[in-house]
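The values are calculated or read from the model by the stated rules, or taken from the named source; none is laboratory data. Everything numeric here is computed off the predicted structure, so don't read it as measured data. Glycine also receives a Cβ, built like all others from the backbone with ideal geometry; neighbour counts cover every protein chain displayed. For the accessible areas, the whole protein counts, side chains as well, though only heavy atoms, and no ligand, DNA or RNA atoms are used. Shrake-Rupley method; radii C 1.70, N 1.55, O 1.52, S 1.80 Å.
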Amino acid sequence: MSVRDNIARTEERIQRACERSGRRREEIRLMAVSKFQSLDAIAEAYQAGIRLFGESRVQEARAKFGSPLPGMADVELHCIGQLQRNKAKAAVQLFSCIQSVDRNELIMELAHQCQREQKHIDILLELHTGENSKTGYPDVNALSEGAELVLAYPQLHLRGLMTMAPYTDDTLLIRRSFKSLVAAQKTLHQQFPELTLDVLSMGMSNDFEIAIEEGSTLLRIGTALFKGDEP
Ligand SMILES: *Cc1c(COP(=O)(O)O)cnc(C)c1O
């Protein structure tokens, strides 16, 4: 199956999940997670209509997206992997959004680099909701302190929250993880009414339909788009 076929199949599944849960397709953005993928595969996804791409590593992202890709001027690139402090400068130059902001030290460094580069950047705060790797703020209190810190920096635009569900067949655990991100969004919204935290980045190849049912507005999908959804 080609990338174009995989995208079409995934798109059908997204639309069915939207219908099931009474949601409009336009509320949800589809990101192609292009880590480990070649420029050819990325170009195929672009030709099939994808404009939003996600990369986990700064070096790999720079090698692929560092100079404008021919015929692909309107690509939007987000960082979705854990970001080391010493990569913050390159990240600010390369990405329009850092989805994986998981500690206050990183917020300060991103703000500093944005000041130096005279740039603004979107960020999402990542909440740890059960995935094994332990990235993300540990709880809503920590998240709330992070949000307060972001508000001190006009260069940083806090757009919402991100999480990774545990990798498991247990749909209850997955659902619980997504529900806790929605609950965190509500809590933060009460604490910071001036913030528009409307982005909920959740849902990957193995759990995006559940994520749609639970309120995701941004799906981060790699395997199902580039390799297909057949086991
Ligand atoms: C790799 C990755 C994805 C995509 O995972 P797939 O299972 O390939 O869809 C999504 N989000 C993050 C943070 C990732 O690292």
Only listed residue being part of a helix (DSSP H, G or I) and crowded, with 17+ Cβ neighbours inside 10 Å, chosen from A111, A8: A111
Criterion (in contact (Cβ under 8 Å) with a residue 60 or more places away in the chain, within 16 Å of the ligand (Cβ to nearest atom) and open to solvent by less than 40 Å² (accessible area, probe 1.4 Å)) met by exactly one of L124, L83, L106: L124
Test for R13: is it surrounded by fewer than 20 Cβ atoms within 10 Å (Cβ to Cβ) and within 13 Å of the ligand (Cβ to nearest atom): yes
Residue list for the stretch 52-80, filter: over 26 Å from L181 (Cα atoms), open to solvent by 80 Å² or more (accessible area, probe 1.4 Å) and within 16 Å of the ligand (Cβ to nearest atom): Q59
Yes/no for V92 being crowded, with 21+ Cβ neighbours inside 10 Å and β-branched (V, I, T): yes
Single residue of L106, L77, L69 found to be touching a helix residue (DSSP H, G or I) at 6+ places or on another chain (Cβ under 9 Å), closer than 22 Å to Q59 by Cβ and in a loop (DSSP other than H, G, I, E, B): L69
Residue in the stretch 47-70 that is among the charged types (D, E, K, R), without any contact (Cβ under 8 Å) to a residue 24 or more places away in the chain and farther than 21 Å from T163 by Cβ present: no
Scope the stretch 215-231; condition under 16 Å from the mean Cα position of the chain (by Cα) and more than 9 Å from the ligand (Cβ to nearest atom); matching residues: G215, S216, T217, L218
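To keep it simple, each residue is scored yes or no on (1) within 14 Å of the ligand (Cβ to nearest atom); (2) of a type in the set (G, A, S); (3) in a helix (DSSP H, G or I); (4) within 16 Å of the chain's Cα centre (by Cα).
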site	(1), (2), (3), (4)
A17	no, yes, yes, no
Y46	no, no, yes, no
K87	no, no, yes, no
V92	no, no, yes, yes
Odd one out for G146 among (1) over 22 Å from A111 (Cβ atoms); (2) open to solvent by less than 40 Å² (accessible area, probe 1.4 Å): (1)
Residue satisfying condition, being away from the ligand (no atom under 16 Å from the Cβ), of a type in the set (A, V, I, L, M, F, W, C), touching a residue at least 12 places away in the same chain (Cβ under 8 Å) and open to solvent by 40 Å² or more (accessible area, probe 1.4 Å), within set L188, L172, L158, L151: L151
Pick from the stretch 200-214, criterion open to solvent by less than 10 Å² (accessible area, probe 1.4 Å) and within 17 Å of R16 (Cα to Cα), ranking: farthest from the ligand (Cβ to nearest atom): I212
